[in-house]
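What follows is one structure encoded as structure tokens, with my remarks underneath.
Throughout, read-outs are computed from the coordinates displayed, never taken from laboratory work. Remember, it's a predicted structure, so these values are computed and weren't measured experimentally. Cβ: placed from backbone, ideal geometry, glycine included. Neighbour counts: every protein chain shown.
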Amino acid sequence: MSKKIHVSTTVNGESVEFLCEARQSLLEVLRENLSLTGAKEGCNNGNCGACTVMLNGVPVNSCIVLAVEVEGAAIETVEGLACHGHLHPIQKCFLEGAALQCGVCTPGFLVTAKALLDKNPNPSEHDIRFNLANNLCRCTGYDKIVKAVQAAAAELQTR
Amino acid sequence: MAHANELYLGKQDYQVLGKRPVRHDGTDKVTGKAIYTADVQLPNMLHGKIVRSPHAHARIKSIDASEALAMPGVFAVVTADDFPDLTEKFALMGEAGQVNLTELAANCLAKGKVLYRGHAVAAVAAANVHIADEAASKIKVEYEVLPSVTWVLDAMKDDAPLLHEHLRTDSMGKKADKPSNIAVHLQFEKGNVTDGFQQADVIVEREFRTASVHQGYIEPHAVVALWNEDSRLKLWTATQGSFNCRQQVAELLQIPVSQVLVVPCEIGGGFGGKITVYLEPVAALLSRKSGRPVKMVMQRNEVFEGTGPTPGSFARVKLGAKKDGTLVAGEAWLAYDCGAFPGGMIGPGCMCVFSCYDLPHAKVDGFDVCNNKPKTQAYRAPGSTQAAFACEQVIDELAEKLNIDPIELRLKNAAKEGTRRVDGPVYPRVGFVECLNAAKNSEHWKSKLSGKNRGRGIAAGFWFNIGGASSCSASVNDDGIVCLVEGSTDIGGTRTSIAMQLAETLGIAAEDVRPQVGDTDSVGYTFLTGGSRVTFATGLAAYQLGLDLQEQMKQRAASIWDCDPTSITVDKGVYKQNGHSLTFKQIAAKIPENQLDPVVGRASVAPEGSTNAFGVHIADVEVDPETGKVTVLRYTAIQDAGKAVHPSYVEGQMQGGAAQGIGWALNEEYFFDAKDQMRNASFLDYRMPTCLDLPMIDTIIVEVPNPSHPYGVRGVGETPIVPPPATIANAIHAAVGTRMTQLPMSPPALWKALSERA
Ligand code: FES
Ligand code: FES
């Protein structure tokens, strides 16, 4: 068994330290070592977006990031979206707009959508579809997901 | 877009049904708290890994696990020899009928031969996934490679490589005398087709081919098994039917069903592919051998190569009509592959091919054919999409030849109450005509489509809803909140649609019911989630449960008022008697105050027969003649939902099914090389639709109440995948004049068809 490596990082605003093997992905460490199972594994090779988290403000597929790479970085996961008992508007709009069925893709979509709205508060339908194309959903046909992101953008604008 | 209620043909006025409450499990799912199987962690848990065949067809000469077992951190290895002897053992499994246990076990761990690339051969349990991976690569399997076959018509040939030396074609109950890959030949007949075709003025006959596609659920198969020291086996798993899973595992391991407890976790999509067991018995064997809990999660390539695709198919469909458009006869010859083991989707294929039309004379022949692919599994309306791809294009061509509008031609021949399907059943009240009329009157159909290489297509689809057993129970809390436990695993928001039916029956708000999916120890037997049955059948159980609770609430009110319970009337959740009046919640609060018996209700149902759901889709496409790429510009799905319990989730089913159907139409396929190896076993190469590939999918819900449900509910989950390939094929034909008779209609395929024509 290979020797473990010490990594210090920030997850959802809290400093976190962990020991990992060089071969472990960020997704594996989040889920196995840190018990943050919100990010999901759909493919484990960067093709479905279910594992999306933000790494220094940029959405990444955490299954293809090595855990040792996040030394000193800031990570945000779906668990960090709601704050003080209140859902983020994107979460609320997904809920109210029935933008999820099985829900396994939802954490990834929420993080990707947040990253999009952070940098483009007023995206067109095409912007949304283009940015969300990293994430696969097999249940919804995307219609209600796109509409939920539109609704969240509108709600965030009125704040 | 037409509003759902405008098209509702039922009489009743509902308080809860038809509203759009936030789903009960929603908050957990948008915050990452919902527990799916892969999220389950147990102390001391090991991780299992399957060793899979690199060959499409081979004899297993030997398996040597000694090197793997010698590795530190490796705890157990199992092979087919760890299953009990299942020779000649069959199990009666609900609507799946007689299941051959030897074959079911051999699909989980190959015995003697591997029948497809990706076929499981052995499994190992180790301290973590990485050690398990390494150990799996050190299990040495020696193979003698055999010739293989993956195209259904090739597999039917006399000189095809044989998968099962003992398989004899079953033709209407008669067994052939020599071995073959054809497991079953079905035949259905109505009237006399020869006479029928003689009356035809126009006849169209075409041949169609479709490639295998995968259900593509985003959550890979996963299980955690714990074989406890008290011999109880506990399984946390992603299954569409916890009781069906329990039975399969118990039968395969030859232990009593009640020795197995199945805890259904949240399930990340199923679409028919998470009914049969793959990992569950294997993880159980590993747990028993190692004495530790074992988790197994498939990788995506294992999901593609080792689990259920839908059949690849060949269809020849012939229809005859009179000049005025009256269909006089239809004939279909369908061959569907079932993959490695018999028992594919040919039965429903045969029943669905002509199910939209009233044909006086029809004949359907169907063949279930083994070949070197994973055993095919259900995929949303299994067998119907391939059949509709064929039939609906022939209808379109007939309409063109007869110069009749394609909706009018369908209306003229539409199946309705009293129509007898070729496989026997006579329809009760169905809503196909209403769907066609809704299509005809839709803004989409009436709008003008212009531009070069653009075209509009329309096609119909059919699926039936099965009944089957469902149970639920509930208790009424002092605050009037009703806790509902039901047995149907929730793959698309059904907890809410069932809770809403209970709320409607009780006259309380949907939010006042708290639904939960019970494990197999805590709820009565419930057949699997599939066949569009849950909102219909488990909903029926919820309705009966509501009546039971209401009766008990009447009794409690009667004790409070000291009157005869039969003198109490209930209207919208308000209980009244002789000037007294209490709401449901008020009675609930008075139960402890008055030291009355708590209210606990139960219901179980097993509705017989089936109901029927029809859909019609419209698509506008643009074809790029340079590349063969098709862009879907606009899409509308229309469907009869009977009564849409939660319209958002009905729309969601229609949109999701349509998107899967569009993927099937335009891009998805199992791509095999010369050695019958799948070459695109990843999401990157298999390429399901992303949101950039699709337009908004408009929906029109038609509501023709189902006569066999108190609220008129019909299942809606499956029909929406049926029309898309034919709809898009018809649209491509309208755009560029080319008939695409092969799926997928991918850029290379369409480009080739266009260049051959030029
Ligand atoms: S699991 Fe990371 S992209 Fe699919
Ligand atoms: S909701 Fe199931 S994959 Fe998106």
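Translational diffusion of the protein assembly as shown was estimated from the Stokes-Einstein equation, with Rh taken as the Kirkwood radius over Cα pairs; at 20 °C and 1.002 mPa s the coefficient is 75 µm²/s. For B:Lys585, a cut-off of 18 angstrom between C-alpha atoms picks up these lysines, skipping any fewer than 8 places away in its own chain: B:Lys554, B:Lys572, B:Lys576. Less than 5 angstrom separates the built amide H of B:Thr611 from those of B:Asn465, all sequence-distant by 5 or more or on a different chain. Modelled spin-label separation between B:Gln41 and B:Leu596, with each label point placed 7 Å from Cα along the Cα-to-Cβ direction: 4.7 nm.
The relative contact order of chain B comes to 16 percent, based on Cα pairs under 8 Å that sit 6 or more residues apart.
Our coupling estimate for region B:113-130, obtained by passing each phi through the Karplus curve with A = 6.51, B = -1.76, C = 1.60 and θ = phi - 60°, is 10, 9, 10, 7, 5, x, 4, 5, 10, 7, 8, 10, 10, 9, 5, 8, 5, 6 Hz, Gly and Pro reported as x. Packing-based ranking of B:358-364, B:42-48 yields B:358-364, B:42-48, ordered from highest to lowest mean Cβ neighbour count within 10 Å. Assuming charge only on the beta carbon of Lys and Arg (+1) and of Asp and Glu (-1), the dipole of chain B about its Cα centre is about 660 debye to the nearest 20. Beyond 26 Å in Cα-Cα separation lie the following of the pairs A:Lys119/A:Lys147; B:Lys61/B:Lys157; B:Lys138/B:Lys295; B:Lys33/B:Lys295: B:Lys61/B:Lys157. Of the chymotrypsin sites (Phe, Trp or Tyr not before Pro) found in region B:339-419, not one falls in a DSSP loop while having at most 13 other beta-carbon atoms within 10 Å. Sorting the Cα pairs of region B:198-321 by distance into bins of 10 Å, from 0 upward, gives 13, 35, 22, 12, 9, 7, 2, 0 percent per bin. For the peptide B:288-301, the mean number of other protein chain Cβ atoms found within 10 angstrom of a residue's Cβ is 1.
3J(HN,Hα) along region B:360-376, derived from phi through the Karplus expression 6.51 cos²θ - 1.76 cosθ + 1.60 where θ = phi - 60°, amounts to x, 10, 8, 9, 10, 10, x, 10, 9, 10, 7, 8, 8, 10, x, 3, 5 Hz, with x in place of Gly and Pro.
The alpha carbon centroids of region A:45-124 and region B:691-733 are separated by 31 Å.
Calculated FRET efficiency, B:Ser581 to A:Lys119, Cβ-Cβ distance, R0 = 35 Å: about 0.05 to the nearest 0.05. Projected label points at B:Asp170 and B:Glu144, each 7 Å from Cα along the beta carbon direction, are separated by 3.0 nanometres.
A 25 angstrom limit on the alpha carbon distance is what I want to check against. Which of B:Lys113/B:Lys675; A:Lys40/B:Lys643; B:Lys363/B:Lys629; B:Lys190/B:Lys274; B:Lys289/B:Lys375; B:Lys274/B:Lys675 exceed it? Result: A:Lys40/B:Lys643; B:Lys363/B:Lys629; B:Lys190/B:Lys274; B:Lys289/B:Lys375; B:Lys274/B:Lys675 exceed 25 Å. For chain B, the equivalent ellipsoid derived from the alpha-carbon gyration tensor has semi-axes of 41, 38, 23 Å in decreasing order. A full extension of the chain between B:Ser567 and B:Ile203 corresponds to an added length of 124.4 nm, given 0.36 nm per residue minus the alpha carbon distance. The mean number of partner chain beta-carbon atoms within 10 angstrom of a residue's beta-carbon across peptide B:216-225 is 4. Relative contact order, whole percent, for region A:89-157 stands at 52, derived from Cα pairs under 8 Å and 6 or more residues apart.
Given +1 on the Cβ of Lys and Arg, -1 on the Cβ of Asp and Glu, and no further charges, what dipole in debye does the protein assembly as shown carry about its Cα centre, rounded to the nearest 20?
Details: 87 positive and 101 negative charges, 170 e Å.
Here the protein assembly as shown has a charge dipole of around 820 debye.
Taking 7 Å steps out from each Cα toward its Cβ at A:Leu34 and B:Glu88 produces label points 5.9 nm apart. What FRET efficiency, computed as 1/(1 + (r/R0)^6) with R0 = 45 Å and r the Cβ-Cβ distance, is obtained for B:Ser755 and B:Glu408, rounded to the nearest 0.05? Calculated value: 0.85. Here the 3J(HN,Hα) profile of region B:651-657, calculated from phi with Karplus coefficients 6.51, -1.76 and 1.60 at θ = phi - 60°, is 4, x, 5, 5, 5, x, x Hz, Gly and Pro shown as x.
Using the Cβ-Cβ distance between B:Arg59 and A:Ile5 with R0 set to 60 Å, the FRET efficiency from 1/(1 + (r/R0)^6) comes to roughly 0.85.
Less than 5 angstrom separates the built amide H of B:His646 from those of B:Gly18, all sequence-distant by 5 or more or on a different chain. In chain B, taking the dipole from charged Cβ atoms about the Cα centre, the farthest positive-side position among B:Gly306, B:Pro43, B:Ser532 is held by B:Gly306.
The helix-only estimate of mean residue ellipticity at 222 nm for the protein assembly as shown, built from DSSP H runs of length n ≥ 4 each weighted as -39500 (n - 2.57), is -8000 deg cm²/dmol after division by the residue total. Computed across chain A, the Kirkwood radius stands at 15.9 Å (inverse of mean 1/r, all Cα pairs).
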